[in-house]
1. Mind checking whether some residue in segment 13-28 is surrounded by 22 or more Cβ atoms within 10 Å (Cβ to Cβ), part of a loop (DSSP other than H, G, I, E, B) and either at pLDDT below 95 or not polar (S, T, N, Q) (or both)?
2. List the number of the failed condition for PHE88; all other conditions in (1) under 23 Å from ILE212 (Cα atoms); (2) assigned to a helix (DSSP H, G or I); (3) touching a strand residue (DSSP E or B) at 6+ places or on another chain (Cβ under 8 Å) hold.
3. Quick one: would you say GLY106 is in contact (Cβ under 8 Å) with a residue 40 or more places away in the chain and either farther than 23 Å from PRO206 by Cβ or surrounded by fewer than 21 Cβ atoms within 10 Å (Cβ to Cβ) (or both)?
4. Considering segment 177-209 alone, what residues qualify as being over 13 Å from the mean Cα position of the chain (by Cα) and among the β-branched types (Val, Ile, Thr)?
5. Filter segment 296-311 for residues that are surrounded by fewer than 16 Cβ atoms within 10 Å (Cβ to Cβ) and either in a loop (DSSP other than H, G, I, E, B) or not assigned by TED's automatic domain parsing to the domain that holds ALA238 (or both) and give the result.
6. Within segment 243-252, can one find any residue that is away from the ligand (no atom under 13 Å from the Cβ), within 20 Å of GLY321 (Cβ to Cβ) and in contact with a Pro (Cβ under 6 Å, 6 or more places away or on another chain)?
7. Which condition does PRO319 not pass, out of (1) surrounded by 16 or more Cβ atoms within 10 Å (Cβ to Cβ); (2) more than 18 Å from the chain's Cα centre (by Cα), if it passes all the others?
8. Condition first: within 16 Å of the ligand (Cβ to nearest atom) and either over 28 Å from LYS103 (Cα atoms) or free of Cβ contacts under 8 Å to residues at least 24 places away in the same chain (or both). Now tell me which residues in segment 301-326 satisfy that.
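The values are calculated or read from the model by the stated rules, or taken from the named source; none is laboratory data. Everything numeric in this text was worked out from a predicted model, so none of it was measured. Here Cβ is always computed from backbone atoms with ideal geometry, including for glycine, and neighbour counts include all displayed protein chains.
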Amino acid sequence: DWTPANIVEDSVEAIRAQVGDGRVICGLSGGVDSAVAAALVQKAVGDQLTCVFVDHGLLRKGEAEQVERDFVAATGVDLLVVDAAETFLAALDGVTDPETKRKIIGREFIRSFEGAARQVVGAHADEEAGVEFLVQGTLYPDVVESGGGEGAANIKSHHNVGGLPDDLQFALVEPLRALFKDEVRAVGEQLGLPAEIVWRQPFPGPGLGIRIIGAVTRERLEILRDADAIARTELTAAGLDRDIWQFPVVLLADVRSVGVQGDGRTYGHPIVLRPVTSDDAMTADWGRLPYDLLEKVSTRITNEVRAVNRVVVDITSKPPGTIEWE
Ligand code: XMP
C-alpha cells in the first residue's frame, strides 16, 4: 500500500533506472514541490545532482535562507545560488503594470536559470554522460490539466522552466507525477525536509513583485517583507496555518493616508491583509480571522514597520476578486 516510505522507495528506484550515470539539474523555487522533487533525486543519485536556486530578491523574509541553509543541511544537495536581485530590480525599475511585471520577472527568471544551467553543463562537459536530465516538480493534477502527454513540460507559471534553448535540452525527471499535494507533503516529511518548506502555503512565482501595488523598489520590498513576516508569525502563533489557504499581504505603495503615530502626524502607506480559504485557488472565500488576531497583526505592523500607518482587511471573495491583487 501507499505509505510515504513506500513512495520514497519506489521513486528512488525509478529515478535510478531513468537516470543511470547521467547528470541531473534541478531548479529550486523555495516551494514544496521543487524541494521534494530535488530531495528524492538527491536520495536516488546523490552527487549526480546539482540544484540551482535563482534568488530574484522577491521572496519573503527567511525564504532564501530556508533554501540555502536549511534545505541544504537537510539533504546535502550541491546547490548553485544565483543572486539575481539587482538584475530583477533593474529590469522592474518604474514598472507598475501587473502583466508587464509578470512578463519581466518570467523573462529574467528564465535568463538567470539558463545562465546557471550553462554553468553546470560546462562544469561537466568533459564527462561522457554530461548533464542530460532536468527535474520538474510536476504533480498529478498538473499532468491531468495539461493533457498528460509523456514528459510534457508544464509552463503554466514562470518557475516551471520550459522552452529552453536548443543547447539546453534535457530529458525531464518528474518524480511527483503520480502524487497529489498532500502526498508530496507526506513524502517531504518522510525525507526530513524543514517544516517551513513542507507546509509552505502556495506562493506565486513572481513573489512580492505582484504584492507591491506600484513600482517595485528595494525599500518597498523591505517594508512589505517586514509586514508580511509579522502577519505570518501571528497566524502561526494563533494555530491557524492549516485553516487558511493563503495569506497574501499587500503594500499599496502609491497610496498614502494621514495618521498619528508617536508624537505626530504621519503620511504613510496602507497594508492590506488578504487571508483566504480555498480548496484549489480557482475560487476562494475571504478568511474570517479572529478579531484578536487581526488586532494583534494591525498593532504590530503599525508599531514595528515605519512607513505603514494603516492596516486594512480585504473581504472580497474570488470571484470577483482574485487571490492576488495583481
Ligand atoms: P489568483 O490571484 O489568480 O491566484 O486568484 C490563484 C493562485 O495562483 C497563484 N498565482 C501564481 N502562481 N505564478 C505562480 O506560480 C504566478 O504567476 C501566479 N499568479 C498567481 C496565487 O498565489 C494563488 O494561489
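1. To start, the set of residues in segment 13-28 that are surrounded by 22 or more Cβ atoms within 10 Å (Cβ to Cβ) comprises 15, 24-28.
If we keep only those that are part of a loop (DSSP other than H, G, I, E, B) as well, we get none.
Within segment 13-28, not a single residue is surrounded by 22 or more Cβ atoms within 10 Å (Cβ to Cβ), part of a loop (DSSP other than H, G, I, E, B) and either at pLDDT below 95 or not polar (S, T, N, Q) (or both).
2. With respect to (1) under 23 Å from ILE212 (Cα atoms); (2) assigned to a helix (DSSP H, G or I); (3) touching a strand residue (DSSP E or B) at 6+ places or on another chain (Cβ under 8 Å), PHE88 is out only on (3).
3. Yes, satisfied.
4. Initial filter on segment 177-209 (over 13 Å from the mean Cα position of the chain (by Cα)): 177-195.
If the condition is that a residue be over 13 Å from the mean Cα position of the chain (by Cα) and among the β-branched types (Val, Ile, Thr), then VAL184, VAL187 are the ones that fit.
5. ARG306
6. Yes.
7. Going through the list (1) surrounded by 16 or more Cβ atoms within 10 Å (Cβ to Cβ); (2) more than 18 Å from the chain's Cα centre (by Cα), PRO319 breaks only (1).
8. Result: ILE315, PRO320, GLY321, THR322.
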